[in-house]
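Comments concern the structure below.
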Amino acid sequence: MSLQLQKDNKIMRKKGMVLLSALAAVSLLCGFNSAETVESVLEKSSEFSASSTDMSSNFTLNCDIDINIGDGETTTAIAVLADADFDIQTILDPFAASVEGGVNLSTFGVGEEITVKTYIISSDESVATYAYTEDSASDEEGEGTWTYSLVSADEYDLQSLLDLSSSLDYSQMEQLGLTWELSDEAADLDGSECYLLTAVIDSSNLRTVIDKTEELVGTEFSDEMGLDDETVSMIEEMLDGLKINIKYYINTADYRPVALNIDLNDTDLTTLNSYVTTLVAGYFDSEDSDTTTTVEVVLNDLSMVYTFTDDSVEAITVPEEALEAVASGEAESLEDLTDELTGTEDDEA
């Protein structure tokens, strides 16, 4: 692997971890009554969240995928494993958040650990983001990299996004393509009696979810990620067969959010496997060869869990080492990393 490719991959991992943790932070945002409806439960839960001044939660992810590569005679199995665990604390006014945790990766039996710490502090004038990433594949222990971003409040209208999130009602969720169903019976989750709401996002309504979300937040995700129309179209084709199962648990006593479980385990990967097999065969198989390479992606588990806790958040404090890294110039600019990854600097030169 070339040094430049290693550098690009490291930058991609850093930016991905920062975005993941930041989005995770922003996204958090009496007994069982059989007379309740989806609309009434969501409305009361929204009222509870709107009255809260702080939140604490935990986010976990588990990914277990097998990639089987065959040549007609033998099959090589590659296990791709990943798990993530983040503790998230937020204060809503003015908005501040901390995300601390990490991701463990394993491919070809080789493990890699990425430690992540992200702190977002906002004021009427600006939004500052301090992010630390430490990759065991390239960094010595305790010698990761701090990145820093400071943007004006007008450029990064975080409060409007928070207000929008807390004000989403049932009809707006339906417009987003989310059609919730309320279980007829109470669900027990770790000793808490809960209303259980379920929803499904699949390839038929994914485009609606993306379009409406982009409309609400005022930005196109493909532009933010530097994807052209052809790449977006290819990704949409590969996602044919997607099925995202969502379970939302809300406490029956006070309507506080308890947990949000998401899994993709019912996804049909037929189209993806066909596309990947064609791509790989075109790369490895010669025209005069009788060998045909096949690739099968087997999804054993891809699931995420948000668990909301009762812990109060008194303050979000940026570590002294982060402030020192910024003051000394040691901290890298998150904008510079983005430009380097997307090639913006070269285009402007």
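When Lys and Arg each count +1 and Asp and Glu each count -1, what net charge do the other residues less than 11 Å away from ASP64, Cβ to Cβ, add up to? Before the final figure, lay out each step's value.
On the way: positive: none; negative: ASP66, ASP83, ASP301.
Computed value for this residue: -3.
Once amide H atoms are placed 1.01 Å from N in the peptide plane, what residues at a sequence separation of 5 or more from ALA96, or on another chain, have their amide H within under 5 Å of its amide H?
ILE91
Please list, ordered by chain and number, the residues whose modelled amide H lies under 5 Å from the amide H of ALA259; skip anything fewer than 5 residues away on the same chain.
TYR249, PHE308
For the stretch 60-72, take each phi angle, set θ = phi - 60°, evaluate the Karplus expression 6.51 cos²θ - 1.76 cosθ + 1.60, and give the result in whole Hz per residue in order, putting x for glycine and proline.
10, 9, 10, 10, 9, 10, 10, 10, 9, 10, x, 10, x
Between ALA186 and THR270, 0.36 nm times their residue separation minus their Cα-Cα distance comes to what?
Numbers: separation 84, 0.36 × 84 = 30.24 nm, distance 3.61 nm.
Fully extending the segment from ALA186 to THR270 adds 26.6 nm.
What dipole magnitude, in Debye to the nearest 20, does the stretch 44-89 give about its Cα centre under +1 on Lys/Arg Cβ and -1 on Asp/Glu Cβ? Don't skip to the end; give the middle numbers.
Numbers: 1 positive and 9 negative charges, 58 e Å.
My answer is approximately 280 debye.
Name the residues whose placed amide hydrogens come within less than 5 Å of the amide hydrogen of ILE78, ignoring near sequence neighbours (fewer than 5 apart) on the same chain.
ILE67, ASN68, ILE69
With charges set only on the Cβ (+1 for Lys and Arg, -1 for Asp and Glu), what does the dipole of the stretch 28-162 come to about its Cα centre, in debye to the nearest 20? Walk me through the numbers on the way to the answer.
Numbers: 2 positive and 27 negative charges, 78 e Å.
Dipole about the Cα centre, nearest 20: 380 debye.
Say R0 is 30 Å: what FRET efficiency, to the nearest 0.05, do THR291 and THR107 get from their beta-carbon distance?
Working: r = 25 Å, r/R0 = 0.82.
Efficiency for this residue pair is about 0.75.
Read the figures in this text as sums done on the coordinates, not as results from a lab. Remember, predicted model here, so these are calculated numbers, not experimental data. Glycine gets a Cβ as well: all are built from the backbone with ideal geometry, and neighbour counts include every protein chain shown.
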